[in-house]
Amino acid sequence: MGQRNTRSIRILVQGAAGVLVLAALAGCGKVTARIDTHTPADPTPVQVEAGKTTTLSLTFTNTGNRTGAFIAKAIVRDSSNVQVGEAPQSVTVDPGKSRTVTWEHLVRSPGTYTVLFTVGKDETTVLSQSPKEPARLIIGLPAVVSAKFLSGNRVRVTQLVNVRTGPGTSNPEVSHVNYRDHAEAGTQGKIVGGPDKADNYVWWRVEFDVGYTGWCIEDALVKTTDK
C-alpha cells in the first residue's frame, strides 16, 4: 500500500507541475506590434482639393506570440492643431500576421494637416507609431468651383439673365443706362472675375461690351470667338 500511495502522489505532483508550467507559459504571452507602411507618407504629402476625400491606410504586423485585439488610429490635426481625424478601429490579428486598415478622410478646407498613425493594445497604450512625430502629410487645396472659363475669355449670354453687383441672388442688380432689368440673349463681353459659388449657382464677373460690368450665373453664358 505504501508503494502504491507513493506512486499516486508522484503522479499527482507531476500532473500539478505540468499545469503550473502551462499556466506559466500562458502568462508569458506578448502583445506587440510593428507598423510596416502607411499612406500618405514622407517625403511627398498628398494634395487634396477642399471638399474631397483622400484614403489613409495603415499596415501593421502582430509581432507578439498570441492573437491580439489592436486599436489602430489615424490622428489628423489641422493647421490650428485641432484634431479632425477619423475614428479608431479595433482589429484582431493572429501572431505573425499583418493587417491593413483604411479610412476615407474628408479635407474640409484648404490648409496643412499633420498625420500620426498609431497601433495600441488599448486606447492609451501605444505599441507602435509612425512617423516618430506628427508630420505634414496632407495639403488641402482651394476647391475648384468651375473650370468652364478663364479670365479674358469672350462670352455670350444665351438667355435673359440678371447682372448683379456681386455673386449671389441677394446682391442688387447693376445700375447703368444700358442695363434694363437683365442682359439680353446675345449680349457679349469678357470674363474679368470668378468663379465664385453662391445660392447653388456658379458666378462669373463679366465686362459687357455695352458698358456695364457685373456677375452672372454660369448657366447663362457660353464661350465665343466673336469679337
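I'd like to check something: does the stretch 177-192 contain any residue that is within 27 Å of G51 (Cα to Cα) and open to solvent by less than 40 Å² (accessible area, probe 1.4 Å)?
Within the stretch 177-192, one or more residues are within 27 Å of G51 (Cα to Cα) and open to solvent by less than 40 Å² (accessible area, probe 1.4 Å).
Just for the stretch 129-143: of the residues that are assigned to a strand (DSSP E or B) and aliphatic (A, V, I, L, M), which one is nearest to P110 (Cα to Cα)?
L141
Could you list, ordered by first residue, the pairs with Cβ atoms under 8 Å in which the first is in the stretch 187-213 and farther than 13 Å from R156 by Cβ and in a loop (DSSP other than H, G, I, E, B) and the second is open to solvent by less than 50 Å² (accessible area, probe 1.4 Å) and of a type in the set (A, V, I, L, M, F, W, C), at least 6 apart or interchain?
Sorted first by the residue in the stretch 187-213, then by its partner, the pairs are Y212/V163; Y212/V174.
Look through the stretch 68-97, keep the residues that are of a type in the set (S, T, Y) and modelled with pLDDT of 95 or more, and return whichever of them is farthest from R108 (Cα to Cα).
T92
Restricting attention to the stretch 35-57, report how many residues are loosely packed, with under 15 Cβ neighbours inside 10 Å, touching a residue at least 60 places away in the same chain (Cβ under 8 Å) and under 20 Å from V91 (Cβ atoms).
1
Strands (runs of 3 or more DSSP E) wholly in the stretch 58-128 with at least 3 residues that are open to solvent by less than 10 Å² (accessible area, probe 1.4 Å) and polar (S, T, N, Q) - which ones?
Answer list for the stretch 58-128: none.
Identify the residue in the stretch 214-225 that is open to solvent by 70 Å² or more (accessible area, probe 1.4 Å) and either at pLDDT 95 or above or among the acidic types (D, E) (or both) and, among all such residues, is nearest to R156 (Cα to Cα).
If we take residues in the stretch 214-225 being open to solvent by 70 Å² or more (accessible area, probe 1.4 Å) and either at pLDDT 95 or above or among the acidic types (D, E) (or both), then K223 is nearest to R156 (Cα to Cα).
Failed condition for T225, given (1) in contact (Cβ under 8 Å) with a residue 40 or more places away in the chain; (2) part of a strand (DSSP E or B), with all others met?
The single condition T225 does not satisfy is (2).
For the condition open to solvent by less than 60 Å² (accessible area, probe 1.4 Å), in contact with a strand residue (DSSP E or B) (Cβ under 9 Å, 6 or more places away or on another chain) and outside any strand (DSSP E or B), what is the one hit in S151, S146, S170?
Within the list S151, S146, S170, the selection yields S146.
Yes or no: G27 of a type outside the set (D, E, K, R), modelled with pLDDT under 95 and farther than 13 Å from H105 by Cβ?
So G27 fits the description; yes.
Is there any pair linking a residue in the stretch 162-174 that is closer than 13 Å to D196 by Cα and among the small types (G, A, S) to one that is modelled with pLDDT under 95 and not in a strand (DSSP E or B), with Cβ under 7 Å and at least six apart or on different chains, and which?
From residues that are closer than 13 Å to D196 by Cα and among the small types (G, A, S), the pairs are G168/D199.
Out of all the residues in the stretch 151-172, is one or more under 18 Å from T61 (Cβ atoms) and either in contact with a Ser or Thr (Cβ under 6 Å, 6 or more places away or on another chain) or of a type in the set (A, V, I, L, M, F, W, C) (or both)?
No; the residues of the stretch 151-172 include none that is under 18 Å from T61 (Cβ atoms) and either in contact with a Ser or Thr (Cβ under 6 Å, 6 or more places away or on another chain) or of a type in the set (A, V, I, L, M, F, W, C) (or both).
Would you check which residues across the stretch 93-146 are free of Cβ contacts under 8 Å to residues at least 24 places away in the same chain and farther than 20 Å from R66 by Cβ and list them?
T124, K132, E133
The values are calculated or read from the model by the stated rules, or taken from the named source; none is laboratory data. For clarity, every value in this text was computed on a predicted model and none was experimentally measured. Reconstructed Cβ throughout: ideal geometry from the backbone, glycine too, with neighbour counts over all protein chains shown. Quick note on the areas: whole protein, heavy atoms, side chains included, nothing else; ligands and nucleic acids left out. Shrake-Rupley method; radii C 1.70, N 1.55, O 1.52, S 1.80 Å.
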